[in-house]
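Notes follow the structure.
The values are calculated or read from the model by the stated rules, or taken from the named source; none is laboratory data. Please read these numbers as outputs of a predicted model, since none were measured by experiment. Here the Cβ positions follow ideal geometry from the backbone for every residue, glycine too, while neighbour counts run over all protein chains shown.
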Amino acid sequence: MSSSEELKQTDSDRSRPHQCQECGKCFSRFCSLRRHELTHSAEKLFDCEQCDRSFSQLKQYKLHLHSHTEDKASCCEQCGRHFSNQSSYKKHLRDHAGPYQCDQCEKTFSYFSIYKIHLRVHTKEKPYCCDQCPKSFSFLSSYKRHQLSHSGEKPYQCDFCGKSFTQSGHFSLHLRNHTGEKPFECGQCAKCFSDLSSYKIHLRVHSGEKPYRCNQCGRSFSQLGNYKSHLRIHTGEKPFRCELCEKSFSISKTYKQHVRTHTGEKPHQCKDCGKGFGRLSNYMRHLRIHTGEQPFSCDQCGKCFNSSYSYSRHLRVHTGEKPYWCSQCKRLFTRSQSLKKHRCVAIDEEAPLSCSPTAATNDDDQQQPTK
């Protein structure tokens, strides 16, 4: 370890002097250490009266109570203001019940000033301009929240992992990663989600709803992120550029997978054999070797396969499809491996081309195209 790394580690130890005797985790505050120690204790002091769950920490208990609250909204739909708790949100709603009615959506407001703010939803007026970037905002609360992204201030810190957040809403959602709480349950497949937005997106799997439609090709998408990535096919935009080889990508996921070819990082590691994988799809396919799972079944002969690639290749036995062909002699092949084994070479510059397979190939796998 270099001297700079040692110094950095020493500074970190000084900033977190309180250490847990059970797991060695360190904390900057003694109260945080005390809360953490409760996670090692079997004693759970807080019992939920609406279900059978119990919690060792008050913060976890209060967070869980939100799962039993019918109205979980923390953002006012009429004026865009955000609230960290339900009581403040409900109190704020009273401001919208009054004599001032919006002509476009018929919502009412108690105060003229709030009514004027609401009109920006329809007029798209954005009077709050950031002096550090071109962004502008309709509401002061959104503007102030944005300012934190420039200042670097993150006032909400997680006691479990030390991660910090600029918004209380993001902080509350993050806590569910530690508590394991998933209050949003799908009524059709019983799948659970920790946040409302992921839950609503999942419902489109069952409803078939695809609200994002491409105007250029007519293709529709259920998720906004997939829609935006698709648009780059038409624009040719590739914003994700590799600094090591200057190759560019249109999708963030593809870019991250590419970077691992340089770094050698394999974040997906098999617990059974220790083998690592750079791509999640390869890792999931590998797991089937240990579980014996073969989810892809042939409708014609009943044979099963553990990967979609093997299954698709097998279907050619029934369909007779031979998608690989030699550009020189026009022979057709069922598998790409057979084409690679096949070689077309010229005896001399003036002589016609002749095929010379480097390895024996099955007659069933080769075919001259009919004229």
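Exactly one condition in (1) under 30 Å from Asp103 (Cα atoms); (2) surrounded by 13 or more Cβ atoms within 10 Å (Cβ to Cβ) is false for Ser113; which is it?
The failed condition is (2).
Inspect the stretch 259-269 for any residue being among the hydrophobic types (A, V, I, L, M, F, W, C) and under 30 Å from Lys191 (Cβ atoms) and give the result as yes or no. Step through it out loud before you land on a result.
As a first pass, look at the stretch 259-269 and keep what is among the hydrophobic types (A, V, I, L, M, F, W, C): 259.
Filter once more, so that each one left must be under 30 Å from Lys191 (Cβ atoms): none.
Scanning the stretch 259-269 turns up no residue that is among the hydrophobic types (A, V, I, L, M, F, W, C) and under 30 Å from Lys191 (Cβ atoms).
Scan the stretch 131-150 for residues that are farther than 29 Å from Gln104 by Cα and in contact with a helix residue (DSSP H, G or I) (Cβ under 8 Å, 6 or more places away or on another chain) and report the count.
2
Determine whether the stretch 158-174 contains at least one residue that is loosely packed, with under 14 Cβ neighbours inside 10 Å and farther than 30 Å from Lys25 by Cα.
no
Between Glu293, Glu265, which is within 30 Å of Leu315 (Cα to Cα), of a type in the set (Asp, Glu) and loosely packed, with under 14 Cβ neighbours inside 10 Å?
On inspection, the qualifying residue turns out to be Glu293.
Kindly indicate the residue of the stretch 199-220 that is in contact with a Ser or Thr (Cβ under 8 Å, 6 or more places away or on another chain) and assigned to a helix (DSSP H, G or I) and also nearest to Leu173 (Cα to Cα) among those meeting that condition.
Among those that are in contact with a Ser or Thr (Cβ under 8 Å, 6 or more places away or on another chain) and assigned to a helix (DSSP H, G or I), it is Ile201.
This table checks each residue for (1) of a type in the set (S, T, N, Q); (2) in contact with a Ser or Thr (Cβ under 7 Å, 6 or more places away or on another chain); (3) modelled with pLDDT under 55; (4) surrounded by 12 or more Cβ atoms within 10 Å (Cβ to Cβ).
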| site | (1), (2), (3), (4) |
| --- | --- |
| His286 | no, no, no, yes |
| Lys303 | no, no, no, yes |
| Tyr324 | no, yes, no, yes |
| Val345 | no, yes, yes, no |
| Asp365 | no, yes, yes, yes |
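Residues are listed down the side, and each one gets a yes or a no for (1) among the hydrophobic types (A, V, I, L, M, F, W, C); (2) in a helix (DSSP H, G or I):
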site: Glu106; (1), (2): no, no
site: Lys116; (1), (2): no, yes
site: Val121; (1), (2): yes, yes
site: Gln132; (1), (2): no, no
site: Ser142; (1), (2): no, yes
site: His146; (1), (2): no, yes
site: Phe160; (1), (2): yes, no
site: Phe171; (1), (2): yes, yes
site: Asn177; (1), (2): no, yes
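Can you go through Gly180, Gly264, Gly169 and tell me which one is within 20 Å of the chain's Cα centre (by Cα), at positive phi and not charged (D, E, K, R)? Let's see the steps before the verdict.
Numbers: Gly264 fails: within 20 Å of the chain's Cα centre (by Cα); Gly169 fails: at positive phi.
Answer to the selection: Gly180.
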